[in-house]
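Q: The structure under discussion is supplied below as structure tokens; questions concerning it will follow.
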Amino acid sequence: MILRIATLTLCTLVAPHALAERADRDKPMQLEANRISIDDAKKIQILEGDVIITKGTMILKADRVVVTEDKYGFQKGTAFSGKDGLARFRQKREGKEEYVDGEAERIEYDTNKEVAELFHRAWVRSGEDQVKGDYIWYDAVSEKYLVTAGESSNPKGPPARVRAVIQPKSKGTQPETNTSRGDRLELKGAGGLQAAPIRE
């Protein structure tokens, strides 16, 4: 539990000022595959063989994808494997010529919440920052991450770990330093304060 909280805090700092392309939400979803099976009554599409799904700047590539649609028209796609046993996605960042890239054995993407979940051998890169783990939850709107390491395959070996590379946000510039020292801050207790009685 501590690892999850620490990792969420760490990865929330990865790209706090950049957002996924906002216009993607209103774009149509385009589907390509070797085979497509559509059940309009149940709102399910099954795509198999060299699948490519595009929604605005978001591109998802996999070997097999199952897309379901809710009553409001929002789609949820689950992508399985692909080249080298991994499914991949890419999406442009809002207002930048940079992309968020990710890969995993299975990727789930919800167009309503704009959330991607990556399972097993998961990796996401946002600009020059990247995170790796067994599971990654990624919010495309706020660019917040949750990364967990999963279980170690060797019980006698070291525990599985999450890996992150976070680049400095102000490359080439020196942080401002205060050359003059201000007055020393003195902390004083407030007189007359009493502890509140404990209620049982």
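Q: What pairs come out if I take residues in region 100-120 that are within 16 Å of V162 (Cα to Cα) and pair them with residues that are open to solvent by 10 Å² or more (accessible area, probe 1.4 Å) and of a type in the set (G, A, S) whose C-beta lies under 8 Å away, six or more apart or interchain?
A: Every condition considered, the pairs that remain are H120/G150.
Q: Search region 120-148 for residues being assigned to a loop (DSSP other than H, G, I, E, B) and of a type in the set (D, E, K, R), and hand back the single one that is modelled with the highest pLDDT.
A: E128
Q: To continue, here is another question. Starting from residues that are in a loop (DSSP other than H, G, I, E, B) and without any contact (Cβ under 8 Å) to a residue 12 or more places away in the chain, keep the ones in region 62-94 and report whichever is nearest to R25 (Cα to Cα).
A: Top of the filtered list is G73.
Q: Among (1) surrounded by fewer than 17 Cβ atoms within 10 Å (Cβ to Cβ); (2) within 15 Å of S81 (Cα to Cα), which single condition is V141 missing?
A: Among (1) surrounded by fewer than 17 Cβ atoms within 10 Å (Cβ to Cβ); (2) within 15 Å of S81 (Cα to Cα), the lone unmet condition for V141 is (2).
Q: Also, quick follow-up: Out of (1) open to solvent by 70 Å² or more (accessible area, probe 1.4 Å); (2) modelled with pLDDT of 85 or more, what's the single condition that is false for D70?
A: So D70 meets the others, but not (1).
Q: Which residue out of D39, D26 is exposed (fewer than 13 other Cβ atoms within 10 Å of the Cβ) and either at pLDDT below 90 or closer than 16 Å to A79 by Cα (or both)?
A: The match here is D26.
Q: A follow-up question, please. For residues that are of a type in the set (A, V, I, L, M, F, W, C), out of contact with any strand residue (DSSP E or B) (no Cβ under 8 Å at 6 or more places or on another chain) and closer than 24 Å to L118 by Cβ, tally how many sit in region 22-78.
A: Residues in region 22-78 being of a type in the set (A, V, I, L, M, F, W, C), out of contact with any strand residue (DSSP E or B) (no Cβ under 8 Å at 6 or more places or on another chain) and closer than 24 Å to L118 by Cβ: 1 in total.
Q: Hey, another quick one. Which members of region 84-98 meet the condition of being within 14 Å of the chain's Cα centre (by Cα), farther than 21 Å from G49 by Cα and surrounded by fewer than 19 Cβ atoms within 10 Å (Cβ to Cβ)?
A: Within region 84-98, just K92 meets the criteria.
Q: From the list E151, E117, which residue is among the charged types (D, E, K, R), in a strand (DSSP E or B), over 15 Å from G56 (Cα atoms) and open to solvent by 10 Å² or more (accessible area, probe 1.4 Å)?
A: Of the residues listed, the single one that is among the charged types (D, E, K, R), in a strand (DSSP E or B), over 15 Å from G56 (Cα atoms) and open to solvent by 10 Å² or more (accessible area, probe 1.4 Å) is E117.
Q: Are any residues in region 33-61 touching a helix residue (DSSP H, G or I) at 6+ places or on another chain (Cβ under 9 Å), on the phi < 0 side of the Ramachandran plot and either in a loop (DSSP other than H, G, I, E, B) or of a type outside the set (D, E, K, R) (or both), and if so, which ones?
A: T57, M58
Q: For region 99-114, how many residues meet the condition of being open to solvent by 50 Å² or more (accessible area, probe 1.4 Å) and hydroxyl-bearing (S, T, Y)?
A: Total satisfying the criteria: 1.
The values are calculated or read from the model by the stated rules, or taken from the named source; none is laboratory data. Source: prediction; values computed, not measured. In this analysis, Cβ positions are derived from the backbone assuming ideal geometry, glycine residues included, and neighbour counts consider all displayed protein chains. Remember, those area values only see protein heavy atoms, side chains included, never the ligands or the DNA or RNA. Shrake-Rupley method; radii C 1.70, N 1.55, O 1.52, S 1.80 Å.
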